[in-house]
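Structure record follows, encoded as structure tokens.
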Amino acid sequence: MATDPNNKRNPNRPQIVSWNIPSKLEDYLPYPHAPSGVLIEGHANWRLEKPIVDCVACKNCGTCELLCPDAAIFYEEVASAKSAKSIAIDYELCKGCGICAFECKFNAIKMEKE
Amino acid sequence: MAIQKFLSGNEAIAEAVKLAKPAVIAVYPITPQTTVVEKLADFVANGELKTEFINVESEHSALSALMGASAMGVRTFTATSSQGLLYMSECLHYAAGGRFPIVMMNANRAVALPWNIFGDQRDSLSQLESGWIQLYAENAQEAFDLTLSSFAIAENHAVALPVMLNVDGFALTHTYEPLNIISQEDADKILPPFKPFFEMNLEKPLSLGFSAGPRDNTAFKQHQINGMKAAAKLINEKFGDLVDAYKLENAKYAIITLGSISGLVRDVIDELQSDGVKVGLLRLRSLRPFPEEELRSALANFKTVGVLEKNLSVGAENAVAKEIKSALYGLENAPQVLAFSGGLGGRDISANEIKDIISKIIGGEK
Ligand code: SF4
Ligand code: SF4
């Protein structure tokens with residue numbers, strides 16, 4: 001298990017540790033506990049639709065961040081504006097449930113077909 | 001050096017837990033386990049046992065708290081009975097699948113309805129498939145010894161499974177026996193300090209209890225099976241065998257028991273054998289791991305065996321009898337297996353009833 005060097009993730013987010021599907025029993029962990037960051041079951045491939053944030057409509061209210069069941073929504077620093085932060089979605093963790101889009105009072109999240 | 005004490009089964013278990021020095025005990029009182037909790041609380045209050053003693057609000061929480069504690073790399077203990085065990089049921093599977101080496105004493109008691117607080121074995125036998133090691137003690141001394149053994153078995157890295165030590169409610173938990181209580185020094189030899197199989201800490205955080213879907217789930221279960229096999233080997237090598245045979249050498253018929261009733265069955269067998277009746281006893285000390293090989297070799301040449309369990313499978317043959325039949329299946333001239341329920345809701349099983357059962361075994365009738 002190793003951190004993927006090609007994985008350009010926000011350094012403040014949990015890093016994903018790559019996990020090769022074992023081909024034989026001995027290569028499996030003997031217990032269902034892995035070093036943090038290993039996603040035995042990735043969520044990304046569950047998605048039929050993915051949430052897209054409209055940064056103009058978004059009021060930064062934080063509702064979606066609070067309600068996302070998979071903690072896939074976070075505040076990201078905006079490169080162009082110092083100390084400004086905007087909502088971002090971690091698509092490695094997002095499972096496409098659509099709760100964020102449903103709960104946003106400002107229609108700032110749209111679900112788009114994958 | 002051992003000292004002699006006159007103790008109840010529950011007090012004996014509390015003494016053994018004190019010697020095992022678990023770092024965390026999370027427990028909810030329930031008859032007939034309560035005096036284990038009381039005694040342990042006394043030990044903590046008077047400074048004899050240094051442990052984090054968590055008075056949880058339910059059995060479900062007791063086991064959940066211990067999974068957390070165990071993940072942090074410490075020795076853990078709980079105790080329960082009957083409805084409490086069933087309330088834990090979800091966590092039982094969780095703890096075994098998570099390979100948390102928790103030790104739990106279960107005071108065997110009937111399950112409701114009708115409401116009943118007395119001893120039988122329906123509680124633990126209904127949880128055979130939870131993945132826990134299940135041991136059954138015959139008397140308070142064995143309960144004491146097995147408590148220490150249970151920690152050593154659970155914490156062995158090849159095993160890494162939780163252990164449920166079953167002790168007949170009231171018959172063992174509340175009756176007094178003179179006991180040999182070993183010294184702390186000897187206990188430490190049987191049970192070295194806990195070395196975790198895996199460990200959660202802030203420097204090396206773990207994603208605890210991840211999900212494993214259709215592709216991977218079976219592999220984790222296969223690891224659990226291997227843990228059970230290692231437990232069978234370890235118990236047979238170091239902790240007194242999965243089965244306990246009594247006067248089976250010249251017998252053609254056997255009665256199979258688990259728990260405290262075995263004592264009375266021994267007396268009946270003594271009497272009957274002195275009259276020339278060829279009946280012996282096979283007591284199951286462990287139901288998980290199930291002693292399949294041991295049963296096949298011990299009972300190969302028997303005509304009929306009867307299984308007496310304080311249990312009832314409504315609408316099917318009793319659980320233990322069924323498993324024994326399955327263990328003996330395929331043997332040439334495999335013995336006939338008869339199932340007997342007894343002791344339900346604490347109902348006494350008399351010596352005469354045991355004689356009745358034995359004559360049915362010999363007569364080959366149900
Ligand atoms: S709920 Fe809507 S408005 Fe609020 S932060 Fe999320 S996307 Fe922006
Ligand atoms: S779709 Fe669901 S999982 Fe994805 S960001 Fe929205 S709430 Fe979170």
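Go through (1) near ligand 2 (Cβ under 8 Å from one of its atoms); (2) more than 14 Å from every other protein chain (Cβ to nearest Cβ); (3) in a loop (DSSP other than H, G, I, E, B); (4) open to solvent by less than 40 Å² (accessible area, probe 1.4 Å) one by one and return the number of the condition residue A:58 breaks.
(1)
Name the residue that is modelled with the highest pLDDT, counting only residues in the range A:13-57 that are more than 16 Å from ligand 1 (Cβ to nearest atom) and among the basic types (Lys, Arg).
A:47
If you take the residues in the range B:150-170 that are touching a helix residue (DSSP H, G or I) at 6+ places or on another chain (Cβ under 8 Å) and open to solvent by 10 Å² or more (accessible area, probe 1.4 Å), which one is farthest from the other protein chains (Cβ to nearest Cβ)?
B:170
If you go through the range B:225-244, how many residues are open to solvent by 60 Å² or more (accessible area, probe 1.4 Å) and assigned to a strand (DSSP E or B)?
0
Over 14 Å from residue B:11 (Cα atoms) and touching a Lys or Arg at 6+ places or on another chain (Cβ under 7 Å): does that describe residue B:59?
no
Under 9 Å between Cβ atoms, which residue pairs at least 6 apart in sequence (or on different chains) link something in the range A:92-114 that is within 12 Å of ligand 1 (Cβ to nearest atom) and among the basic types (Lys, Arg) with a partner that is in a loop (DSSP other than H, G, I, E, B) and open to solvent by 50 Å² or more (accessible area, probe 1.4 Å)?
A:105/A:59; A:105/A:61; A:110/A:54
Among what's in the range B:264-293 and is farther than 24 Å from residue B:121 by Cα and among the small types (Gly, Ala, Ser), pick the residue that is surrounded by the most Cβ atoms within 10 Å (Cβ to Cβ).
Among those residues, the one meeting the criterion is B:274.
Of the conditions (1) modelled with pLDDT of 85 or more; (2) part of a loop (DSSP other than H, G, I, E, B), residue A:10 fails just one. Which one is it?
(1)
Here is a check on your reading of the model: is residue B:359 over 23 Å from the mean Cα position of the chain (by Cα), under 28 Å from residue B:32 (Cβ atoms), modelled with pLDDT of 95 or more and open to solvent by less than 70 Å² (accessible area, probe 1.4 Å)?
Spelling it out, it is not the case that residue B:359 is over 23 Å from the mean Cα position of the chain (by Cα), under 28 Å from residue B:32 (Cβ atoms), modelled with pLDDT of 95 or more and open to solvent by less than 70 Å² (accessible area, probe 1.4 Å).
Any idea how many residues of the range B:179-216 are facing chain A (nearest Cβ under 7 Å) and among the polar types (S, T, N, Q)?
2
Six or more apart or on different chains, Cβ atoms under 6 Å: show the pairs whose first residue is in the range B:39-63 and open to solvent by 90 Å² or more (accessible area, probe 1.4 Å) and whose second is outside any helix (DSSP H, G or I).
B:52/B:24
Could you give me the residue pairs with C-beta distances under 7 Å whose first residue belongs to the range A:59-73 and is more than 9 Å from ligand 1 (Cβ to nearest atom), whose second residue is of a type outside the set (A, V, I, L, M, F, W, C) wherever it lies, and which are 6+ apart or on separate chains?
Short answer, once both residue conditions are applied: A:70/A:43; A:70/A:95; A:72/A:90.
Determine which member of the set B:35, B:31 is among the hydroxyl-bearing types (Ser, Thr, Tyr), in contact (Cβ under 8 Å) with a residue 60 or more places away in the chain, in a loop (DSSP other than H, G, I, E, B) and open to solvent by 10 Å² or more (accessible area, probe 1.4 Å).
Testing whether each residue is among the hydroxyl-bearing types (Ser, Thr, Tyr), in contact (Cβ under 8 Å) with a residue 60 or more places away in the chain, in a loop (DSSP other than H, G, I, E, B) and open to solvent by 10 Å² or more (accessible area, probe 1.4 Å) leaves just B:31.
The values are calculated or read from the model by the stated rules, or taken from the named source; none is laboratory data. Just so you know, these numbers come straight off a predicted model, no measurement behind them. We place every Cβ from the backbone using ideal geometry, glycine too, and count neighbours over all the protein chains shown. Side chains are part of the model used for accessible areas, which takes the heavy atoms of the whole protein and leaves out ligands, DNA and RNA. Shrake-Rupley method; radii C 1.70, N 1.55, O 1.52, S 1.80 Å.
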